[in-house]
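The structure under discussion appears below in the form of structure tokens.
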Amino acid sequence: MKMKKLSAAAKIYSGFGTLMALFIVMVVLAVVTLNSFIVMWEVSTKNEYKQVIDMLETKSTFYRIRMEMLSLMTTTDRAVMDQILANIKERKDSVAALMKIQAQMAREENDEKAVNLLNDFDVAFKDYSVTLEKQISMINAGRRSEAAAMASGIQNERFEKIRSIILANQKIAQDNYDDYLKMSKEEKDKSLLIYFIIGALSIATGFFVLLLMQKVLKESETARQYARSLLEASIDPLVTIDPEGKITDVNKSTVKITGMPSENLIGTDFSDYFTEPYKARDGYQQVFAKGYVNDYPLTLRSASGAMTPVLYNASVYRDKDGKVVGVFAAARDITDQKKIEDEINELNRTLELRIEARTKVLVETNQQLAEAASILASSANQILSTTKEVAAGSTQTATAISETSTTMSEVKQTSHLAAQKAKYVTDTAQSASQISSRGRKAVENTLEGMNIIKEQMESIAETVVQLSEQSQAIGEIAATVNDIAEQVNMLAVNAGIEAAKAGEFGKGFGVVAQEVKSLAVQAKQAAAQVRTILMDVQKTISSTVMGTEQGMRTVENGVKLSNETNEAIRMLATSITETANAATQILATSQEQLTGIDQVASAFDGIKQAMIQNVTGTQQAENAAKNLTVLGQKILEQINQTKA
């Protein structure tokens, strides 16, 4: 039940785990057994086998020593004899060394039997060596027959004893070696049985894993077909690339757009199907380096030579361990998008031509604004010059009126004095002659003063008329400035409209147009202010003209009265008798004259105040004209900056 609940992958992992465990057990047993065999072999080789070999070699060495002795007995050549003696000595040393090793090994293995045999061998070998030395001495002394008798006698017995000891020791080593071989065979049989059991279990496990693999492969094939159907369902060309840049899979859309079958595409270089292979190669290398690319532009070339602009989006795909296996790339056909982009580019070129034409219009408008600003600056300078002249005239007029006012004050005082004189005439007739004489003189002075006043009043009237004409000229200039401001405002509005049509390219000029419009509004306001001031000045001038006319009439009356007074005085001189009546009339006339003089003095005070206001207004007009000049200069500077 538990196995049914496990997934196929888990079952495979379990089967492989079991198989690997059995394999590990088998390997461990094999290693242990092999180590055991190696130990046995080393022991057998190092001890028993080596003992057998050493015994055989010792026996062989003894046979060689006997042969060397026979050769020594038969030869008479000294050199040969020396060589034979050296060989005999070497072989004796070799046997002694081998026996010493054998005795050591026997003691290490605690083989008492072998130790006893080797002890017997050592005693027999020493005896044999002593007899051998005697034989050599006999041969060297020329007693070869005695040496031969010793060799066939006692030396032969000792040789047989040594040979029997060697054979016995060899048999012991051979028996030990055979025991080790038997033990090895038993261990081998046990190991083979264990290997057989583990092998059977491994085969069963492998069969189980094979069944699971078939199931997994079937499921994998189903999943692969599903993934393939998803791949083929895409209308965009899809391709997978390995790290070497070779195509590993494609869908039908890729086959269609390249005009080549999938079997011809798979295994070929991805970059071979583009107009710029190096760029395509750099593209998939970027994917391996960064992990992805977005909207990578390429031009795909089909087998028929047709070109298709595409944008590639690609990313790496990995195995279950996270290792990069390849690149999955999807291409999007952007032919229609390229057409739209070409149309947009054409529209941009058309728009640029229109903007260029509009820019020319704006430049011409800018030139017109510059000309208008120049006119405005020139007009402002003219207004400023005229205003300065008017201010100077107004100052002179104010000075003259101030002097006239002073004179009128003096005339007023004179009139008071004349009234007092007339009163004196009425009080005393005796001094009439003197008073008449004085009165006549005073009247003559008055007449002269009145004539002077009349001339000054005429001069004031002319100055006021000139001031009125100049104020009208200023009004015309202000109207011209107002018209110019209106035109500049209209030009600024048109420029703003053109700048708005130009879009982003006209933003800067739109700001300038707005600034020019603002300056035009300021110029218009300044012109309106000048006009208002001029209207106040004109009103003041009108009042001054009326006051001047009234003053002229008063002066004429004063002159007339002065003439009548002069006539009365002359009549007083001829008719003293009528002095009282004349004095009474003179008194009345003096009172009327005093009243008129008061009126004239009041009128001149009003004219003086009006002229002061006129001077103030003229100064304001001068300031406004200066502002207009500065405004014109600012407009010119703005236009120059726009040109730059």
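For 55, 138, the ranking by accessible surface with the largest value first comes to 138, 55, using a 1.4 Å probe.
If the segment from residue 396 to residue 96 were pulled out straight at 0.36 nm per residue, it would be longer than the present Cα-Cα gap by 91.8 nm.
Legend: calculated FRET efficiency, residue 20 to residue 266, from the Cβ-Cβ distance at R0 = 35 Å, rounded to 0.05, equals 0.50.
Working ranking of peptides 320-326, 295-301, 141-147 by packing, defined as the average number of other Cβ atoms within 10 Å per residue, highest first, is 295-301, 141-147, 320-326. Evaluating 6.51 cos²θ - 1.76 cosθ + 1.60 at θ = phi - 60° for every residue in the stretch 514-521, the Karplus couplings come out as 5, 5, 5, 4, 4, 5, 5, 5 Hz, glycine and proline recorded as x. Taking max minus min of the alpha-carbon positions on each principal axis, the stretch 278-339 gives extents of 44, 23, 19 Å, largest first. Listed peptides 514-523, 264-273 appear in the order 514-523, 264-273 once ranked by packing, highest mean of other Cβ atoms within 10 Å at the front. In this simple spin-label model, placing a label point 7 Å from the Cα along the Cα-to-Cβ direction at both residue 149 and residue 357 gives a separation of 15.5 nm.
Estimate the FRET efficiency between residue 192 and residue 109 by the formula 1/(1 + (r/R0)^6), using the beta-carbon distance for r and 22 Å for R0, to the nearest 0.05. Calculated transfer efficiency: 0.15. Per residue, the accessible area of the stretch 283-332 comes to 54 Å², computed with a 1.4 Å probe over protein heavy atoms only. Averaging the Cα positions of each part gives two centres, and for the stretch 71-93 and the stretch 135-208 these lie 31 Å apart. A Förster radius of 60 Å, combined with the Cβ-Cβ distance separating residue 123 from residue 204, puts the computed FRET efficiency at roughly 0.35. For the stretch 162-271, applying the loop criterion from DSSP together with a ceiling of 15 other beta carbons within 10 Å to the GluC sites (Glu not before Pro) yields 244. The listed peptides 248-255, 153-160, ordered by packing as a protection proxy, come out as 248-255, 153-160 (highest mean of other Cβ atoms within 10 Å first). Annotation: extensible slack from residue 85 through residue 612 equals 173.1 nm (criterion: 0.36 nm per residue apart, minus Cα-Cα distance). Placing pseudo-labels 7 Å out from each Cα toward the beta carbon at residue 285 and residue 299 gives an inter-label distance of 2.2 nm. You can think of it this way: the chain between residue 185 and residue 320 has 43.8 nm of extra reach, that is 0.36 nm per residue less the Cα-Cα gap. Which net charge results when you count Lys and Arg as +1 and Asp and Glu as -1 among the other residues whose beta-carbon is under 11 Å from that of residue 267? Cβ neighbours under 11 Å give a net charge of -4. Taking 20 Å as the limit for the C-alpha separation, the pairs 517/634; 423/454; 339/501; 339/360; 59/134 exceed it in the case of 423/454; 339/501; 339/360; 59/134.
The values are calculated or read from the model by the stated rules, or taken from the named source; none is laboratory data. Being a predicted model, the structure only gives us computed values, none of them experimental. Please note: Cβ atoms are built from the backbone with ideal geometry, for glycine as well, and neighbour counts cover all protein chains shown. Side chains included, ligands, DNA and RNA excluded: accessible areas come from the protein's heavy atoms. Shrake-Rupley method; radii C 1.70, N 1.55, O 1.52, S 1.80 Å.
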